[in-house]
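The values are calculated or read from the model by the stated rules, or taken from the named source; none is laboratory data. Treat the numbers as computed from the prediction; the structure is a model and nothing was measured. Note that each Cβ is placed from the backbone with ideal geometry, even for glycine, and that neighbours are counted across all protein chains shown. Accessible surface is based on the protein model in full, side chains and every heavy atom, while ligands, DNA and RNA are left aside. Shrake-Rupley method; radii C 1.70, N 1.55, O 1.52, S 1.80 Å.
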Amino acid sequence: MNVAVERSFAEQQDATDPLAHLRAEFFIPRHAGGDSIYLCGHSLGLQPRGVARVIDEELRHWAELAVEGHFASSRPWLPYHEQLTGSLARLVGAQPIEVVAMNSLTVNLHLMLASFYRPRPGREAILVEQRAFPSDQYAVASQIRYHGFEPSTALIEIGPRPGEEVLRTEDICTLIEREGHRIATVMLGGVQYLTGQRFDLEAIARCARQQGCTVGFDLAHAIGNVPLRLHDWDVDFAVWCSYKYLNAGPGAIGGCFVHERHARAFDLPRFAGWWGHDKDSRFQMPSRFQPIPGAEGWQLSNPPILAAAPLLASLPLFDAAGMDRLRAKSLRLTGYLEALLQARLPNELTILTPRHPESRGCQLSIRLHRSPSAARAAFDLLMSQGVFCDWREPDVIRVAPVPLYNSFLDVWRFVAALEQALQ
Ligand SMILES: Cc1ncc(COP(=O)(O)O)c(C=O)c1O
């Protein structure tokens, strides 16, 4: 991208951005009398202005209707999660029966592995990324042990080639082809949390299924960030959280995808709870579990209404903007960030995230050409000046311009602030 480094260029881009009005739907944290530079949506998305209203409404329903709120309110709590299904299905490229909002990410990962990781001697391995998010690593290692196997032999980790930062799809597929006979489940991220690399989920799912492995993805950094087509890609399962790009607030309800192929696989082992039981007979309190067909059949408990309500304010913004338009803006916004960094700080940093736009979402991960302590000092200085990005050990600064609420001017101001912090 040929880039003009002047502030006026960013302002022009914002003036013609068809999605610029969406910024006004969010609270932008303030700093020194103005908007801070918030580039941390990969960690916690900003609060949509509509959230307080939906939460207040639920509090009012509770105050006025009490237990009757389950049935008699304008948004009855009993089928509450069903209101979220359509938008979530659109975001992950699924049919409604394949999607459910429930629990939080790591809980859902365990529930999915309980059904889709079915190891047997000789085929007990799980394939993960070497630098998978720690919670995923703990989850898969504990599942391996739970089944009586040892992570030292049953956990296969794939890393970048020596001297490289990101994984190559060909290496992932070659490993699956070579080791597939002993891999029960392939479990990777959709977008890598540390490097921002977007994986080719379609190719990986194809390789895994060709080798008879089940395949699932952690979409924490992918949902609401990059387009997904889980149904067409034939993925077995996926899990996500809603507090990053879905802007549903800290600890918000997560979600889960189970491919339609498994919708009526009632003999698949699973951990069961009453909310996964057939809706028509649930309140007859039968002692025998009869799962709801589809992803809903993996629910355990009645949903946390106050942790689900923010999605009712947030998901309509995605429906209104459309993932295609958001992605188009995201490509421009992150491309602009990359080009500005290269133009203004060519010798100061390395971008770890893949350069090819198709191989990344909105996040760029940056390593400063400083000692770790000097890099950390520059980061701390940025934060003290109202520049929200984040630091991941040992030396990575993650920055994510989010197309829903970030502007080109945010990006310009960030690069100017970084330049100053490095002087
Ligand atoms: C990639 C990834 N996986 C898993 C998790 C854990 O999510 P939770 O605490 O909702 O289980 C996170 C949290 O940030 C994450 O970034």
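Being closer than 30 Å to residue 306 by Cβ and touching a Pro at 6+ places or on another chain (Cβ under 6 Å) is a property that does not hold for residue 225. Only one of the listed residues (196, 163) is open to solvent by less than 10 Å² (accessible area, probe 1.4 Å), at positive phi and out of contact with any helix residue (DSSP H, G or I) (no Cβ under 8 Å at 6 or more places or on another chain). That residue is 196. In segment 1-98, counting only helices (runs of 4 or more DSSP H) that sit wholly within it, the ones holding 1 or more residues that are in contact (Cβ under 8 Å) with a residue 40 or more places away in the chain, within 26 Å of residue 363 (Cα to Cα) and charged (D, E, K, R) span 7-15, 82-92. Of the residues examined, residue 212 is one that is in a loop (DSSP other than H, G, I, E, B) and away from the ligand (no atom under 16 Å from the Cβ).
Let's see how each residue does on (1) assigned to a loop (DSSP other than H, G, I, E, B); (2) more than 18 Å from residue 240 (Cβ to Cβ); (3) open to solvent by 10 Å² or more (accessible area, probe 1.4 Å):
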{"residue": "293", "(1), (2), (3)": "yes, yes, yes"}
{"residue": "296", "(1), (2), (3)": "no, no, yes"}
{"residue": "301", "(1), (2), (3)": "yes, yes, yes"}
{"residue": "306", "(1), (2), (3)": "no, yes, yes"}
{"residue": "311", "(1), (2), (3)": "no, no, no"}
{"residue": "319", "(1), (2), (3)": "no, no, yes"}
{"residue": "325", "(1), (2), (3)": "no, yes, yes"}
{"residue": "332", "(1), (2), (3)": "no, yes, yes"}
{"residue": "341", "(1), (2), (3)": "no, yes, no"}
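Inclusion of residue 101 among residues that are within 15 Å of the ligand (Cβ to nearest atom) and either closer than 24 Å to residue 197 by Cα or open to solvent by less than 10 Å² (accessible area, probe 1.4 Å) (or both) is warranted.
Only one of (1) of a type outside the set (Lys, Arg); (2) surrounded by 23 or more Cβ atoms within 10 Å (Cβ to Cβ); (3) over 17 Å from residue 228 (Cα atoms) is not met by residue 245, so which one is it? The single condition residue 245 does not satisfy is (3).
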